[in-house]
């Protein structure tokens with residue numbers, strides 16, 4: 001129980017904090033930052049609370065059955081390796097929250113920023129503590145989504161929008177590849193449980209599908225960690241606020257791919273394919289990122305490319321198939337998070353206090369900002385691998401592994417040490433450029449703001465991280481040694497090789513390489529200093545091979561040329577051609593399947609035709625033909641005839657003893673008919689020109705084509721239905737449901753028990769779809785405002801005119817007109833009766849025909865009646881309709897009912913049934929599925945009303961609905977704090 005509560009709190013706390021922050025007022029800056037800081041510190045406390053268990057080699061695990069028959073479980077798992085990353089996520093997160101409190105402008109919606117930041121923290125924590133690979137893939141995509149929101153936080157700037165779109169496209173595409181790879185991996189091992197997968201390494205590597213699974217999973221990891229050739233999205237993500245860069249792009253998001261490769265290292269590493277793919281990507285990324293970083297003129301751009309380079313270093317270490325290299329990789333993850341987060345924060349301070357990040361405009365900041373200069377100097381020295389700092393130790397471990405690597409290709413044995421030496425020299429060069437260009441030289445001139453030291457608490461996170469760089473560099477074994485050992489043992493198990501975390505290993509080749517790299521980097525910076533100060537760019541070849549250009553050309557081809565051609569071939573502004581194409585494809589697919597399987601009549605004899613039923617179907621067929629015919633001339637008549645077809649279907653359900661379907665069909669027909677009537681005025685007018693044969697021939701041809709498609713589709717479904725109904729399957733599924741409906745579901749209405757119990761997960765997904773459709777309909781129709789055809793009114797007057805027009809005819813006193821008074825009074829009298837009927841259907845649904853959906857539709861019909869007589873204004877004022885609140889409450893209640901089963905150790909959406917002995921009443925059957933059905937009821941009411949209100953507010957008499965253009969961007973003047981981050 002302790003493990004479960006701790007893991008649930010660790011995962012759920014950031015999401016709860018995100019919801020709370022999102023509900024705060026826009027100006028609640030201090031409250032939002034305090035809330036975010038408290039959540040991060042609470043998460044860090046929970047991580048530390050788990051340390052005694054993981055340090056002893058234990059694993060915290062919480063397993064919740066999700067769909068056990070399919071082998072799906074919601075598993076939370078925290079071992080030493082996950083513990084280390086959870087500490088980075090919460091620890092760096094707490095420092096970033098404090099830094100963001102002073103960085104963000106008061107003009108920004110700061111609560112929204114912290115809501116996004118906490119949501120990302122929760123998603124990242126989900127990746128770290130997931131014990132199920134499918135679950136990990138879900139949280140993986142959540143990190144892409146929330147990083148998109150954070151990168152595009154300043155959405156009024158084009159750079160932020162483009163950077164967010166690029167990051168989402170690359171990382172989400174990699175996430176889809178990862179999901180496919182996880183499915184293949186689960187097929188190989190027979191389970192998606194992480195412990196099962198990690199224990200099946202030999203079986204995975206020997207399987208024929210190993211290479212496809214490896215490529216797909218590595219696509220997800222390499223795109224997320226910005227490895228070549230997917231590295232170009234990271235520099236464009238620097239349009240985000242600096243706290244985002246310090247958190248996502250140095251310590252968390254870009255480390256997710258590293259985490260995944262290290263997590264799956266025991267199961268998938270150790271092959272030539274792993275070495276060639278992972279090692280090659282890491283090697284190229286290491287060199288390209290380090291070289292391009294030298295020529296960046298933006299401080300954050302320089303740090304972005306240096307991040308790419310260091311991520312390549314870690315990836316290369318993971319690709320060497322060496323256990324010592326894995327130790328070095330995990331160690332460098334910690335070191336890089338410390339010095340790179342502090343450098344991003346230092347760059348943000350410079351931007352915040354000077355108004356620019358351009359190195360060519362900066363110089364001499366050491367005098368007005370001495371404390372910041374010294375902090376940045378130490379962090380940059382750690383990044384360059386200067387002795388007595390944390391970066392030096394992991395760099396020497398990297399040199400040692402490069403010298404002792406066992407490569408499948410002989411040439412790589414000589415290439416790796418040279419590449420490591422060259423990349424290390426480049427890191428010294430760009431570190432020198434960062435420090436010398438910003439803090440040394442003459443006093444700065446023509447800066448947007450006079451430079452000065454930041455607030456003490458804004459500098460405090462940088463001081464903590466720089467202190468960590470110094471302490472780890474001086475006392476590595478005493479400071480980070482125990483934590484590193486816990487993480488490495490969780491990955492490698494008891495077979496951890498010997499490694500030494502000491503500053504001095506004597507005079508050896510790695511030390512000589514470090515000295516050469518330091519000297520070479522200084523010499524290279526001196527050679528390039530004048531050229532860099534003049535604003536020189538990198539080599540033309542690298543500029544031509546920029547990933548951004550390739551990405552943009554690819555997007556232009558996909559979203560413009562190819563999409564336009566497909567749109568011209570398949571797309572249309574009219575609905576009928578699209579439906580025609582969909583139906584035609586469905587007919588071909590069904591005909592192909594029937595031809596391959598040879599579907600024909602079964603062995604059961606046909607029942608005799610009942611003349612009454614045949615007469616009913618004849619009426620329905622006449623209504624259907626009449627609706628198709630009247631659609632050309634009179635749409636209102638066509639809608640009425642379609643309603644007649646629906647009533648015949650309803651009677652047919654009753655005839656064949658399906659009262660639940662009949663009740664649902666009847667209520668849906670009423671609501672659908674009203675919604676169709678409201679939407680009629682949206683359709684274009686039809687014009688007929690007498691005497692012109694051309695358009696008439698085309699119209700007749702189109703109608704004959706539609707008739708042929710309708711006959712083919714209807715005939716095909718009729719033939720399929722006949723083939724199914726004349727066969728006796730070997731094992732009827734209905735028998736199983738009939739036998740278990742009361743004993744396990746607690747209800748005699750088998751249909752309802754199936755919907756809320758046996759297939760409750762399907763129903764839950766369906767109501768989410770209903771909610772999404774309702775919200776999408778509302779959002780689309782909001783962009784259309786009815787406007788007079790001749791006079792353009794101000795928006796406030798236009799809204800008032802809409803409200804006035806939607807009301808029924810009223811007298812001078814505002815009362816309903818006399819000729820509407822009788823139906824108005826009758827409707828108000830019938831309304832409570834219909835509510836009682838709805839409650840009756842809801843409560844009896846588990847044992848008799850009814851249920852949440854039918855009851856919700858009855859309530860919707862009652863409100864529609866009030867609307868038809870009293871108008872939307874009267875209805876909303878008297879009933880206080882809040883459709884959005886109804887939808888949210890229904891979803892929460894239905895989902896909460898499913899989650900409540902976990903509290904009792906049962907799978908998700910497991911139903912509970914018992915008899916309650918009530919005073920004066922006696923024993924009453926009660927099932928937890930009733931709460932789920934109530935959630936369905938509430939959601940159906942809210943979704944129907946939302947679509948009704950959205951359509952009703954557009955159906956304005958005397959107006960024509962015209963698209964309302966999106967609001968133009970407002971050019972507002974921002975404070976210097978935010979303007980500094982909009983470079």
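The values are calculated or read from the model by the stated rules, or taken from the named source; none is laboratory data. Owing to the predicted nature of the structure, the values given are computational and were not obtained by experimental measurement. For neighbour counting, all protein chains shown are included, and Cβ atoms are generated from backbone atoms with ideal geometry for every residue, glycine included.
Of all the numbered requirements in (1) in the same structural domain as residue 461 (by TED's automatic domain parsing); (2) at pLDDT 90 or above; (3) under 28 Å from residue 449 (Cα atoms), residue 391 misses one, and that requirement is (3).
Which of the following residues is crowded, with 16+ Cβ neighbours inside 10 Å and within 23 Å of residue 618 (Cβ to Cβ): 652, 667? I'd like the intermediate steps shown before the answer.
Details: 667 fails: within 23 Å of residue 618 (Cβ to Cβ).
The unique qualifying residue is 652.
So is residue 156 surrounded by fewer than 22 Cβ atoms within 10 Å (Cβ to Cβ), outside any helix (DSSP H, G or I) and touching a residue at least 12 places away in the same chain (Cβ under 8 Å) or not?
On the way: surrounded by fewer than 22 Cβ atoms within 10 Å (Cβ to Cβ): yes; outside any helix (DSSP H, G or I): yes; touching a residue at least 12 places away in the same chain (Cβ under 8 Å): yes.
Yes; evaluated as a whole, the condition is true for this residue.
The numbered conditions (1) in a helix (DSSP H, G or I); (2) out of contact with any helix residue (DSSP H, G or I) (no Cβ under 8 Å at 6 or more places or on another chain) are all true for residue 368 except (1).
When residue 952 is tested against (1) at pLDDT 65 or above; (2) surrounded by fewer than 18 Cβ atoms within 10 Å (Cβ to Cβ); (3) more than 30 Å from residue 761 (Cα to Cα), exactly one condition is not met: (2).
From the list 677, 683, 698, 704, which one is exposed (fewer than 14 other Cβ atoms within 10 Å of the Cβ), at pLDDT below 85 and touching a helix residue (DSSP H, G or I) at 6+ places or on another chain (Cβ under 9 Å)? Outline the logic, then answer.
Values: 677 fails: exposed (fewer than 14 other Cβ atoms within 10 Å of the Cβ); 698 fails: touching a helix residue (DSSP H, G or I) at 6+ places or on another chain (Cβ under 9 Å); 704 fails: touching a helix residue (DSSP H, G or I) at 6+ places or on another chain (Cβ under 9 Å).
Going through 677, 683, 698, 704 in turn, the sole match is 683.
Here the condition is being loosely packed, with under 15 Cβ neighbours inside 10 Å and either without any contact (Cβ under 8 Å) to a residue 12 or more places away in the chain or under 30 Å from residue 399 (Cα atoms) (or both); of 428, 445, 462, 466, it holds for 445 alone. Only one of the numbered conditions (1) within 20 Å of the chain's Cα centre (by Cα); (2) part of a helix (DSSP H, G or I) is not met by residue 276, and that is (1).
When residue 601 is tested against the conditions (1) loosely packed, with under 14 Cβ neighbours inside 10 Å; (2) touching a helix residue (DSSP H, G or I) at 6+ places or on another chain (Cβ under 8 Å); (3) not in a loop (DSSP other than H, G, I, E, B), the lone failure is (3). Annotation note: of 84, 41, the sole residue that is surrounded by fewer than 20 Cβ atoms within 10 Å (Cβ to Cβ) and in a helix (DSSP H, G or I) is 41.
Quick one: is residue 524 touching a residue at least 24 places away in the same chain (Cβ under 8 Å), under 40 Å from the mean Cα position of the chain (by Cα) and surrounded by 12 or more Cβ atoms within 10 Å (Cβ to Cβ)?
no
For the range 84-98, filtering for residues that are over 24 Å from the mean Cα position of the chain (by Cα) and farther than 16 Å from residue 38 by Cβ leaves 1. For the range 215-226, the count of residues that are surrounded by fewer than 19 Cβ atoms within 10 Å (Cβ to Cβ) and modelled with pLDDT of 90 or more is at least one. Residue count for the range 215-235 under the criterion of being in contact with a helix residue (DSSP H, G or I) (Cβ under 6 Å, 6 or more places away or on another chain) and in a helix (DSSP H, G or I): the result is 12.
Of the residues making up the range 66-81, those that are farther than 20 Å from residue 482 by Cα and either at pLDDT 95 or above or part of a strand (DSSP E or B) (or both) number 8.
Residue pairs whose Cβ atoms lie under 6 Å apart, separated by 6 or more positions or on different chains, with the first residue in the range 904-922 and at positive phi and the second at pLDDT 80 or above, are 909/760; 909/761; 909/898.
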